[in-house]
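Report on the structure given below.
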Amino acid sequence: MLPFFASHWTLSVLFQSLFQHRYAAHRMFTMTPRSERVLHLSTALVQGSSYLDPRAYAILHREHHAYADTARDPHSPAHHKHLPRMMLETGRRFGGLLTRQVQAEARFIGGYPEWPAVDRFFSSWAARLGFGALYTLVYKRFATRRWHWALLPLHFVMGPVHGAIVNWCGHRYGYRNFANRDQSRNTLPLDVVCMGELFQNNHHARPASPDFAAKRFELDPTWQVMRLLARMKLIQVMHAPPARPEAAGRRSQHSTLRPFDGRKAQGDAQGKTRNKGILQPARNSRHD
(Lines give C-alpha, C1' and ligand atoms only; values in the text may rest on other atoms or scores of the structure.)
Protein backbone atom coordinates (compact mmCIF):
# COMPACT_ATOMS: atom_id res chain seq x y z
CA MET A 1 0.00 0.00 0.00
CA LEU A 2 2.93 2.32 0.49
CA PRO A 3 3.52 2.72 -3.29
CA PHE A 4 -0.18 3.56 -3.78
CA PHE A 5 -0.15 6.08 -0.94
CA ALA A 6 3.13 7.67 -2.08
CA SER A 7 1.88 7.93 -5.68
CA HIS A 8 -1.41 9.53 -4.68
CA TRP A 9 0.34 11.94 -2.30
CA THR A 10 2.98 13.00 -4.84
CA LEU A 11 0.59 13.40 -7.76
CA SER A 12 -1.98 15.28 -5.66
CA VAL A 13 0.51 17.84 -4.39
CA LEU A 14 2.08 18.13 -7.86
CA PHE A 15 -1.27 18.95 -9.50
CA GLN A 16 -2.14 21.34 -6.68
CA SER A 17 1.17 23.16 -7.14
CA LEU A 18 0.95 23.15 -10.92
CA PHE A 19 -2.74 23.81 -11.57
CA GLN A 20 -4.38 25.46 -8.57
CA HIS A 21 -1.35 27.41 -7.34
CA ARG A 22 0.92 28.36 -10.23
CA TYR A 23 -1.76 28.45 -12.94
CA ALA A 24 -5.07 29.40 -11.31
CA ALA A 25 -3.76 31.73 -8.60
CA HIS A 26 -0.66 33.19 -10.28
CA ARG A 27 -0.97 32.33 -13.99
CA MET A 28 2.74 31.68 -14.27
CA PHE A 29 2.18 29.95 -17.59
CA THR A 30 -0.38 29.84 -20.38
CA MET A 31 -1.70 27.02 -22.54
CA THR A 32 -4.34 26.28 -25.14
CA PRO A 33 -7.98 25.85 -24.04
CA ARG A 34 -7.76 22.13 -24.84
CA SER A 35 -4.63 21.68 -22.73
CA GLU A 36 -6.26 23.61 -19.91
CA ARG A 37 -9.24 21.27 -19.98
CA VAL A 38 -6.96 18.23 -19.86
CA LEU A 39 -5.03 19.65 -16.89
CA HIS A 40 -8.24 20.74 -15.14
CA LEU A 41 -9.87 17.32 -15.46
CA SER A 42 -6.66 15.48 -14.62
CA THR A 43 -6.33 17.50 -11.43
CA ALA A 44 -9.89 16.64 -10.41
CA LEU A 45 -9.38 12.93 -11.06
CA VAL A 46 -6.05 12.77 -9.25
CA GLN A 47 -7.16 14.77 -6.21
CA GLY A 48 -10.46 12.92 -6.06
CA SER A 49 -12.24 13.33 -2.74
CA SER A 50 -10.06 16.32 -1.77
CA TYR A 51 -10.40 18.25 -5.04
CA LEU A 52 -9.94 21.99 -4.51
CA ASP A 53 -12.05 24.30 -6.64
CA PRO A 54 -9.58 26.51 -8.58
CA ARG A 55 -11.66 29.68 -8.23
CA ALA A 56 -11.93 29.44 -4.44
CA TYR A 57 -8.29 28.37 -4.21
CA ALA A 58 -7.07 31.29 -6.34
CA ILE A 59 -9.01 33.92 -4.38
CA LEU A 60 -7.92 32.49 -1.03
CA HIS A 61 -4.30 32.38 -2.13
CA ARG A 62 -4.34 35.94 -3.45
CA GLU A 63 -5.75 37.08 -0.12
CA HIS A 64 -2.90 35.24 1.60
CA HIS A 65 -0.27 37.07 -0.47
CA ALA A 66 -1.89 40.45 -0.01
CA TYR A 67 -2.26 40.09 3.78
CA ALA A 68 0.51 37.59 4.60
CA ASP A 69 0.81 36.99 8.35
CA THR A 70 -1.47 39.89 9.25
CA ALA A 71 -4.84 39.59 10.96
CA ARG A 72 -6.50 39.46 7.52
CA ASP A 73 -4.44 36.51 6.27
CA PRO A 74 -6.90 33.61 5.77
CA HIS A 75 -4.35 30.99 6.88
CA SER A 76 -1.46 32.29 8.95
CA PRO A 77 0.03 30.40 11.92
CA ALA A 78 0.94 33.81 13.38
CA HIS A 79 -2.68 34.27 14.42
CA HIS A 80 -3.63 30.72 15.39
CA LYS A 81 -2.42 28.89 18.47
CA HIS A 82 -2.44 25.46 16.87
CA LEU A 83 -2.70 23.77 13.48
CA PRO A 84 -6.26 22.36 13.77
CA ARG A 85 -7.59 25.84 14.51
CA MET A 86 -5.90 27.28 11.45
CA MET A 87 -7.24 24.44 9.29
CA LEU A 88 -10.76 25.00 10.61
CA GLU A 89 -10.72 28.73 9.88
CA THR A 90 -9.18 28.14 6.44
CA GLY A 91 -11.84 25.55 5.65
CA ARG A 92 -14.62 27.94 6.59
CA ARG A 93 -13.23 30.69 4.39
CA PHE A 94 -12.68 28.30 1.48
CA GLY A 95 -16.19 26.89 1.86
CA GLY A 96 -17.69 30.36 1.82
CA LEU A 97 -15.80 31.24 -1.36
CA LEU A 98 -16.81 27.93 -2.93
CA THR A 99 -20.52 28.52 -2.31
CA ARG A 100 -20.10 32.25 -3.04
CA GLN A 101 -21.62 33.13 0.32
CA VAL A 102 -18.39 34.98 1.09
CA GLN A 103 -17.67 37.96 -1.14
CA ALA A 104 -14.02 38.70 -1.93
CA GLU A 105 -12.51 42.06 -2.84
CA ALA A 106 -12.82 42.89 -6.53
CA ARG A 107 -9.05 42.86 -7.05
CA PHE A 108 -8.91 39.16 -6.17
CA ILE A 109 -11.67 38.13 -8.57
CA GLY A 110 -11.11 36.97 -12.15
CA GLY A 111 -8.38 35.38 -14.19
CA TYR A 112 -8.78 31.79 -12.98
CA PRO A 113 -10.00 28.74 -14.91
CA GLU A 114 -13.63 27.79 -14.42
CA TRP A 115 -15.36 24.66 -15.68
CA PRO A 116 -18.73 24.72 -13.86
CA ALA A 117 -19.77 21.16 -14.68
CA VAL A 118 -16.49 19.66 -13.49
CA ASP A 119 -16.10 21.95 -10.49
CA ARG A 120 -19.66 21.34 -9.27
CA PHE A 121 -19.43 17.58 -9.66
CA PHE A 122 -16.04 17.05 -8.04
CA SER A 123 -16.90 19.47 -5.22
CA SER A 124 -20.13 17.60 -4.45
CA TRP A 125 -20.48 15.23 -1.52
CA ALA A 126 -21.55 12.47 -3.90
CA ALA A 127 -18.24 12.64 -5.75
CA ARG A 128 -16.20 12.93 -2.55
CA LEU A 129 -17.94 9.94 -1.00
CA GLY A 130 -17.58 8.00 -4.24
CA PHE A 131 -13.83 8.53 -4.34
CA GLY A 132 -13.64 7.66 -0.64
CA ALA A 133 -15.39 4.37 -1.34
CA LEU A 134 -12.98 3.70 -4.21
CA TYR A 135 -9.95 4.26 -1.97
CA THR A 136 -11.48 1.96 0.64
CA LEU A 137 -11.97 -0.81 -1.94
CA VAL A 138 -8.32 -0.50 -2.99
CA TYR A 139 -7.21 -0.92 0.62
CA LYS A 140 -9.61 -3.80 1.16
CA ARG A 141 -8.12 -5.59 -1.83
CA PHE A 142 -4.43 -4.82 -1.37
CA ALA A 143 -3.77 -3.92 2.29
CA THR A 144 -1.69 -6.67 3.89
CA ARG A 145 -0.93 -5.07 7.27
CA ARG A 146 -3.26 -3.57 9.83
CA TRP A 147 -1.23 -0.37 9.99
CA HIS A 148 -1.86 0.18 6.28
CA TRP A 149 -5.41 1.20 7.19
CA ALA A 150 -4.05 4.14 9.17
CA LEU A 151 -3.08 5.72 5.83
CA LEU A 152 -6.60 5.51 4.37
CA PRO A 153 -8.08 8.66 6.02
CA LEU A 154 -5.29 10.76 4.55
CA HIS A 155 -6.50 9.95 1.04
CA PHE A 156 -9.87 11.53 1.88
CA VAL A 157 -8.41 14.92 2.87
CA MET A 158 -5.08 14.98 1.09
CA GLY A 159 -5.53 18.44 -0.47
CA PRO A 160 -6.30 20.25 2.80
CA VAL A 161 -3.49 18.33 4.52
CA HIS A 162 -1.01 19.53 1.90
CA GLY A 163 -2.20 23.10 2.38
CA ALA A 164 -1.97 22.84 6.15
CA ILE A 165 1.60 21.53 6.03
CA VAL A 166 2.72 24.24 3.61
CA ASN A 167 1.07 27.15 5.39
CA TRP A 168 1.91 26.07 8.94
CA CYS A 169 5.48 24.84 8.45
CA GLY A 170 6.29 27.35 5.71
CA HIS A 171 5.58 30.26 8.05
CA ARG A 172 7.06 28.81 11.25
CA TYR A 173 10.05 26.58 10.60
CA GLY A 174 13.16 26.85 8.46
CA TYR A 175 15.52 29.47 7.07
CA ARG A 176 15.08 32.72 5.18
CA ASN A 177 16.84 33.79 1.99
CA PHE A 178 14.98 37.10 1.80
CA ALA A 179 14.08 39.74 4.36
CA ASN A 180 10.35 39.79 3.68
CA ARG A 181 7.84 41.71 5.76
CA ASP A 182 6.02 38.46 6.53
CA GLN A 183 7.17 35.42 8.51
CA SER A 184 7.65 33.03 5.59
CA ARG A 185 10.33 30.35 5.79
CA ASN A 186 11.93 27.72 3.57
CA THR A 187 11.29 24.35 5.18
CA LEU A 188 13.74 22.28 3.17
CA PRO A 189 13.57 18.91 5.00
CA LEU A 190 9.81 18.64 4.44
CA ASP A 191 9.84 20.08 0.94
CA VAL A 192 10.91 16.74 -0.53
CA VAL A 193 7.26 15.65 -0.11
CA CYS A 194 5.70 18.97 -1.12
CA MET A 195 7.08 19.47 -4.65
CA GLY A 196 8.66 22.89 -4.02
CA GLU A 197 5.72 24.40 -2.12
CA LEU A 198 7.68 24.75 1.11
CA PHE A 199 10.07 27.30 -0.35
CA GLN A 200 7.62 29.84 1.05
CA ASN A 201 10.15 32.58 1.78
CA ASN A 202 11.47 32.43 -1.77
CA HIS A 203 7.95 32.45 -3.19
CA HIS A 204 6.72 35.37 -1.10
CA ALA A 205 9.82 37.36 -2.05
CA ARG A 206 9.42 36.54 -5.77
CA PRO A 207 5.75 35.67 -6.33
CA ALA A 208 6.08 36.03 -10.11
CA SER A 209 8.93 33.53 -10.42
CA PRO A 210 7.87 30.05 -11.62
CA ASP A 211 10.91 28.54 -9.88
CA PHE A 212 10.45 28.56 -6.09
CA ALA A 213 14.10 27.63 -5.52
CA ALA A 214 16.59 30.48 -5.11
CA LYS A 215 19.85 28.87 -3.98
CA ARG A 216 22.05 26.38 -5.79
CA PHE A 217 21.30 23.67 -3.23
CA GLU A 218 17.53 24.14 -3.58
CA LEU A 219 15.45 22.21 -6.11
CA ASP A 220 11.83 22.90 -7.05
CA PRO A 221 10.37 19.69 -8.58
CA THR A 222 7.25 21.40 -9.94
CA TRP A 223 9.40 23.89 -11.83
CA GLN A 224 11.25 20.97 -13.43
CA VAL A 225 7.89 19.57 -14.57
CA MET A 226 6.99 22.99 -15.98
CA ARG A 227 10.29 23.09 -17.90
CA LEU A 228 9.50 19.68 -19.39
CA LEU A 229 5.97 20.72 -20.39
CA ALA A 230 7.36 23.91 -21.95
CA ARG A 231 9.88 21.91 -23.99
CA MET A 232 7.02 19.73 -25.19
CA LYS A 233 5.19 22.92 -26.28
CA LEU A 234 2.27 22.15 -23.96
CA ILE A 235 2.64 25.33 -21.90
CA GLN A 236 4.30 28.73 -22.31
CA VAL A 237 6.04 30.07 -19.21
CA MET A 238 5.27 33.76 -18.69
CA HIS A 239 8.51 34.85 -17.02
CA ALA A 240 11.91 33.22 -16.71
CA PRO A 241 13.05 32.79 -13.10
CA PRO A 242 15.78 35.12 -11.77
CA ALA A 243 19.36 33.97 -12.06
CA ARG A 244 20.82 32.11 -9.09
CA PRO A 245 22.14 32.47 -6.50
CA GLU A 246 20.24 35.27 -4.78
CA ALA A 247 22.05 37.04 -1.96
CA ALA A 248 20.75 36.04 1.47
CA GLY A 249 18.92 38.75 3.34
CA ARG A 250 18.18 40.80 0.23
CA ARG A 251 14.86 41.38 -1.43
CA SER A 252 14.70 40.46 -5.10
CA GLN A 253 13.37 42.55 -7.97
CA HIS A 254 10.12 40.53 -7.77
CA SER A 255 9.58 41.09 -4.07
CA THR A 256 7.16 44.03 -4.28
CA LEU A 257 3.65 42.62 -4.48
CA ARG A 258 1.06 44.68 -6.27
CA PRO A 259 -2.52 43.78 -5.34
CA PHE A 260 -4.28 41.89 -8.07
CA ASP A 261 -7.10 43.80 -9.72
CA GLY A 262 -9.44 41.43 -11.51
CA ARG A 263 -11.23 44.28 -13.25
CA LYS A 264 -8.04 45.47 -14.94
CA ALA A 265 -7.06 41.95 -15.91
CA GLN A 266 -10.43 41.16 -17.47
CA GLY A 267 -10.37 44.46 -19.36
CA ASP A 268 -7.09 43.71 -21.09
CA ALA A 269 -8.06 42.37 -24.49
CA GLN A 270 -4.54 41.26 -25.29
CA GLY A 271 -4.28 39.00 -22.25
CA LYS A 272 -1.25 40.81 -20.89
CA THR A 273 -1.04 41.17 -17.14
CA ARG A 274 -0.36 44.53 -15.55
CA ASN A 275 0.43 42.90 -12.21
CA LYS A 276 4.05 42.21 -11.37
CA GLY A 277 3.31 40.33 -8.18
CA ILE A 278 0.50 37.89 -8.91
CA LEU A 279 0.43 37.03 -12.59
CA GLN A 280 -3.05 36.65 -14.02
CA PRO A 281 -4.60 36.36 -17.50
CA ALA A 282 -6.90 38.91 -19.08
CA ARG A 283 -10.05 36.82 -18.87
CA ASN A 284 -11.46 33.91 -17.00
CA SER A 285 -11.04 30.57 -18.72
CA ARG A 286 -14.55 29.27 -18.42
CA HIS A 287 -15.99 26.08 -19.90
CA ASP A 288 -19.63 25.16 -19.69
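General observations
- Selection of first residues in segment 63-74 that are closer than 10 Å to residue 93 by Cβ and of second residues that are hydroxyl-bearing (Ser, Thr, Tyr) and open to solvent by 20 Å² or more (accessible area, probe 1.4 Å), restricted to Cβ pairs under 9 Å at least 6 apart or on distinct chains, gives the following pairs, ordered by first then second residue: 74/67; 74/90.
- Out of 72, 62, 92, one residue alone is open to solvent by 30 Å² or more (accessible area, probe 1.4 Å), assigned to a helix (DSSP H, G or I) and more than 17 Å from residue 116 (Cα to Cα). It is 92.
- Tally, over segment 1-52, of residues that are surrounded by 17 or more Cβ atoms within 10 Å (Cβ to Cβ), aromatic (Phe, Trp, Tyr) and farther than 14 Å from residue 226 by Cβ: 3
- Residue 57 in contact with a helix residue (DSSP H, G or I) (Cβ under 6 Å, 6 or more places away or on another chain), surrounded by 15 or more Cβ atoms within 10 Å (Cβ to Cβ) and farther than 24 Å from residue 204 by Cβ: no
- Taking every residue in segment 91-102 that is farther than 17 Å from residue 162 by Cβ and among the β-branched types (Val, Ile, Thr) and pairing it with any residue that is modelled with pLDDT of 95 or more and assigned to a helix (DSSP H, G or I), at least 6 positions away or on another chain, the pairs with Cβ-Cβ distances below 6 Å are 102/96.
- Test: residue in segment 181-188 that is at pLDDT 50 or above, open to solvent by less than 60 Å² (accessible area, probe 1.4 Å), aliphatic (A, V, I, L, M) and in contact with a strand residue (DSSP E or B) (Cβ under 7 Å, 6 or more places away or on another chain): no
- Candidate set from segment 173-195 (those that are touching a residue at least 60 places away in the same chain (Cβ under 8 Å) and farther than 19 Å from residue 68 by Cα); member that is farthest from the chain's Cα centre (by Cα): 193
- Scanning segment 71-104 for residues that are hydrophobic (A, V, I, L, M, F, W, C), closer than 24 Å to residue 170 by Cα and in contact with a helix residue (DSSP H, G or I) (Cβ under 8 Å, 6 or more places away or on another chain) returns 71, 83, 86, 87, 94, 97.
- Among the candidates 49, 12, the residue that is assigned to a helix (DSSP H, G or I), over 16 Å from the mean Cα position of the chain (by Cα) and among the small types (Gly, Ala, Ser) is uniquely 49.
- Any hit, segment 268-279, residues being open to solvent by less than 20 Å² (accessible area, probe 1.4 Å), out of contact with any Asp or Glu (no Cβ under 6 Å at 6 or more places or on another chain), modelled with pLDDT under 50 and not in a loop (DSSP other than H, G, I, E, B): no
- Within segment 96-104, the presence of at least one residue that is within 28 Å of residue 238 (Cα to Cα) and outside any helix (DSSP H, G or I) is confirmed.
- Check on residue 99, among the hydroxyl-bearing types (Ser, Thr, Tyr) and open to solvent by 70 Å² or more (accessible area, probe 1.4 Å): yes
- Qualifying residues in segment 152-176 (those that are in a helix (DSSP H, G or I) and aromatic (Phe, Trp, Tyr)) - the one least open to solvent (accessible area, probe 1.4 Å): 168
- Selection status of residue 219, among the aliphatic types (A, V, I, L, M), surrounded by fewer than 18 Cβ atoms within 10 Å (Cβ to Cβ) and in contact with a helix residue (DSSP H, G or I) (Cβ under 7 Å, 6 or more places away or on another chain): no
The values are calculated or read from the model by the stated rules, or taken from the named source; none is laboratory data. Nothing here was measured: the structure is a model prediction, and the numbers come from that model. Note: ideal-geometry Cβ built from the backbone for every residue, glycine included; neighbour counts use all protein chains shown. Please note that ligands, DNA and RNA were not included when accessible areas were found on the heavy atoms of the full protein model with its side chains. Shrake-Rupley method; radii C 1.70, N 1.55, O 1.52, S 1.80 Å.
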